Amino acid sequence: MPEKPVIIWFRRDLRLSDNPALSAAIETGRPLILLYIDETDIARKDGSAKRVWLHHSLKALSRSIKEKGASLTIRQGEAMAILNDIVAETQSTAIFWNRRYEADRIEADKNIKSELKAKGLHVETFNGALLTEPWEVSPKSGGDYYKVFTPYWRAACQIIEPNMIDYVPYPAPETLRGHSSVLRSDALSLLPKDLDWDDKVMQGWEAGEAAAWDRLEDFLASSVADYPEARDIPSNKSGTSRLSPHLSAGEISPRQIWHAARASNKNVDKFLSEIGWREFSYVLLYHNPKLASENYKVEFNAFHWRVDETALKAWQTGKTGYPFVDAGLRQLYQTGWMHNRVRMVVASFLIKHLLIDWREGEAWFWDCLVEADPASNAASWQWVAGSGADASPYFRIFNPFTQGQKFDPQGDYVKAFVPELKSLPNKYIHTPWTAPSSVLDDANICLDTDYPRPMVDHKSARERALATYKQSRQ
Ligand SMILES: Cc1cc2nc3c(=O)[nH]c(=O)nc-3n(C[C@H](O)[C@H](O)[C@H](O)COP(=O)(O)OP(=O)(O)OC[C@H]3O[C@@H](n4cnc5c(N)ncnc54)[C@H](O)[C@@H]3O)c2cc1C
């Protein structure tokens with residue numbers, strides 16, 4: 001009689017190493033059904049860029065699984081129905097997965113767990129995505145969770161550091177023993193049907209576990225020591241790790257990153273504290289399931305946002321007339337990623353200069369980022385808006401041209417993404433509208449035709465934002 005298999009259900013953990021659910025499945029000694037479900041019964045579908053990334057990530061995972069002697073089954077539909085079919089088809093006796101933290105997925109997983117258990121299956125779940133799960137770090141002084149990052153991270157590190165000292169990440173298995181019969185796989189349908197944009201987005205990226213490791217090792221060998229200063233310079237391609245899409249798809253675990261970073265014997269505290277912001281964002285999401293749709297601070301519910309489709313479109317397409325802002329938004333659309341410093345500036349511009357609801361920006365990033373993350377994206381947008389936990393105060397309004405002058409003094413970043421300005425002298429690169437007409441002529445720029453004038457005046461937009469804020473609090 002054929003041995004009954006166990007299911008390993010991959011979700012946001014598209015890797016073979018340091019995958020606790022996979023390791024537990026292998027330990028049973030039974031044949032494996034390695035499964036990914038493109039779930040259709042999901043509250044918020046992944047955005048376009050993230051789906052492109054997942055397509056390539058799943059291809060990479062599938063290749064790695066094949067090299068180890070098994071195959072990845074891909075299905076599309078409702079998770080419960082698919083799992084029921086597979087259990088019926090294969091007589092599987094157990095299922096293993098790593099946990100997730102969005103409210104609707106927690107609910108779905110709970111239901112799946114109890115239904116499969118009722119059928120007699122052994123169901124086991126693990127933490128494969130975080131250093132500590134959202135309920136593990138609670139303030140001694142009371143309350144469910146920390147609302148301020150610094151004390152949260154101090155407390156979290158007291159749990160993480162001792163855990164990590166002896167932690168040896170699970171190695172990738174040498175071989176995988178797949179189920180004897182090959183199961184039907186649905187074709188992957190994650191790529192957009194009507195655009196060739198997906199090819200362009202993936203230029204400069206490589207999805208998959210091996211690529212994630214190359215990136216981490218490169219970063220630790222040559223860049224992490226300079227990270228505290230270099231992380232603010234958007235033209236410096238190695239100033240930050242660019243691990244976010246790999247982390248978001250689970251191609252590498254935060255535990256592996258922590259372990260490798262500490263083993264480098266360099267000063268990695270600042271870098272690891274950014275991983276801490278990712279953890280903190282998950283704490284906020286877990287305790288505030290509507291983080292992407294509702295103000296964390298209810299007093300922001302009285303804020304009077306403007307509805308202005310034309311302005312929103314100009315922002316989305318990088319045509320605001322502020323070169324640093326436009327460069328960021330074009331980088332986002334072209335590469336599926338934007339430098340963190342510029343994210344803060346473009347978000348502040350939308351929320352404060354244009355007075356457009358942060359949820360519009362959150363949704364645009366959700367669709368365009370290859371690493372769009374339910375926790376970090378929502379928490380970061382609310383952070384910039386001032387409506388979030390431990391947020392930047394609303395009255396902190398980034399000046400888009402001084403930010404450009406400070407963090408892109410030679411204009412390299414602007415020239416890379418706003419090429420129509422590339423012949424402009426550095427002195428005017430962040431303020432083309434101030435250049436004398438002879439300078440504009442020499443640079444072949446006709447304002448309004450080749451590049452727009454600022455869509456709002458900084459000083460008056462700032463005053464309007466502050467007045468609106470004041471009014472909302474009366
Ligand atoms: C408006 C806005 C939206 C954002 N949306 C997302 C998102 O959808 N997904 C996402 O992963 N990050 C998001 N971030 C956070 C941050 O910008 C990115 O994580 C970072 O730019 C990714 O580049 P990196 O991997 O080179 O980061 P590094 O600087 O190398 O940092 C290492 C890792 O730490 C984590 N990290 C760094 N900064 C933050 C932060 N502020 N908050 C949470 N985690 C952080 C990421 O996982 C990152 O990969 C957003 C920030 C802003 C201001």
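A few notes on this one:
- Helix-only mean residue ellipticity at 222 nm for the chain, each DSSP H run of n ≥ 4 adding -39500 (n - 2.57), per residue, nearest 500: -14000 deg cm²/dmol
- Net +/- balance of residues flanking P436 in space, Cβ distance below 14 Å, scoring K and R +1, D and E -1: -1
- Once you reduce the stretch 330-371 and the stretch 172-188 to the center of their Cα atoms, the two points are 39 Å from each other.
- Order by protection proxy (mean Cβ within 10 Å, highest first), peptides 128-141, 259-272: 128-141, 259-272
- Sequence-distant aspartates and glutamates (8 or more away, or on other chains) whose Cα lies within less than 15 Å of K406: E229, D232
- Calculated FRET efficiency for the pair T434/E161, C-beta based, R₀ 45 Å, to 0.05: 0.30
- One decimal place: the segment F126-R63 gains 20.2 nm when fully extended, by the rule 0.36 nm per residue minus the C-alpha distance.
- Rounded FRET efficiency, nearest 0.05, which uses the C-beta distance separating E217 from V168 and R0 of 25 Å: 0.90
- Reachable lysines, given that their alpha-carbon falls under 20 Å from the alpha-carbon of K193 and they are not under 8 places away in the same chain: K45, K50, K59
- Taking the convex hull of Cα positions in the stretch 130-230, its mean projected area over all directions (nm²): 12.9 nm²
- Semi-axes of the equivalent ellipsoid for the chain, Cα gyration tensor, largest first, Å: 42, 24, 22
- Distance between the modelled labels on E309 and R177, one decimal in nanometres: 6.1 nm (7 Å Cα→Cβ projection).
- Between the listed residues L350, L130, F219, the Cα displaced farthest toward the positive end of the dipole of the chain, a dipole computed from Cβ unit charges relative to the Cα centre, is found at L350.
- Q76 long-range amide H proximity, modeled H, under 5 Å: D38, D186
- FRET efficiency for the pair A187 and K237, taken as 1/(1 + (r/R0)^6) with r the Cβ-Cβ distance and R0 = 35 Å, rounds to 0.50.
- Dipole axis of the stretch 308-442 (+1 Lys, Arg; -1 Asp, Glu on Cβ), positive-most option in H339, S376, G361: H339
- Of all aspartates and glutamates in the structure, those lying under 13 Å Cα to Cα from K313, and not within fewer than 8 positions of it along the same chain, are D326, E360.
- Cut-off 20 Å, label 7 Å out along Cα→Cβ of D450, residues of the stretch 373-417 by amide N: 410-417
- Size check on the stretch 263-361: the Cα extents along the three principal axes, sorted descending, read 50, 34, 18 Å.
- Put a plus charge on the Cβ of each Lys and Arg, a minus charge on the Cβ of each Asp and Glu, and nothing anywhere else: the dipole of the stretch 209-316 about its Cα centre is then about 100 debye.
- At q = 0.10 Å⁻¹ the log10 of I(q)/I(0) for the stretch 198-298 amounts to -0.33, computed by Debye summation with a single uniform scatterer per C-alpha, solvent ignored.
- Rounded D (µm²/s) - the stretch 380-474, Kirkwood Rh over Cα pairs, Stokes-Einstein at 4 °C, 1.567 mPa s: 84 µm²/s
- The Cα atoms of the stretch 257-301 cover 47, 16, 12 Å along the three principal axes, with the biggest extent listed first.
- Size check on the stretch 16-131: the Cα extents along the three principal axes, sorted descending, read 39, 34, 33 Å.
- Over 30 Å between alpha carbons, listed pairs K113/K200; K110/K147; K66/K290; K200/K459; K147/K352; K200/K422: K113/K200; K66/K290; K200/K459
- With the gyration tensor restricted to C-alpha atoms of the stretch 298-472, the semi-axes of the equivalent ellipsoid amount to 28, 18, 13 Å, longest first.
- The share of alpha-carbon pairs in the stretch 211-268 lying farther apart than 15 Å comes to 46%.
- Segments 336-344, 438-446 sorted - mean Cβ within 10 Å per residue, highest first: 336-344, 438-446
Quick note: the coordinates plus some simple rules give every number you see, no bench work behind them. Treat the numbers as computed from the prediction; the structure is a model and nothing was measured. In this analysis, Cβ positions are derived from the backbone assuming ideal geometry, glycine residues included, and neighbour counts consider all displayed protein chains.
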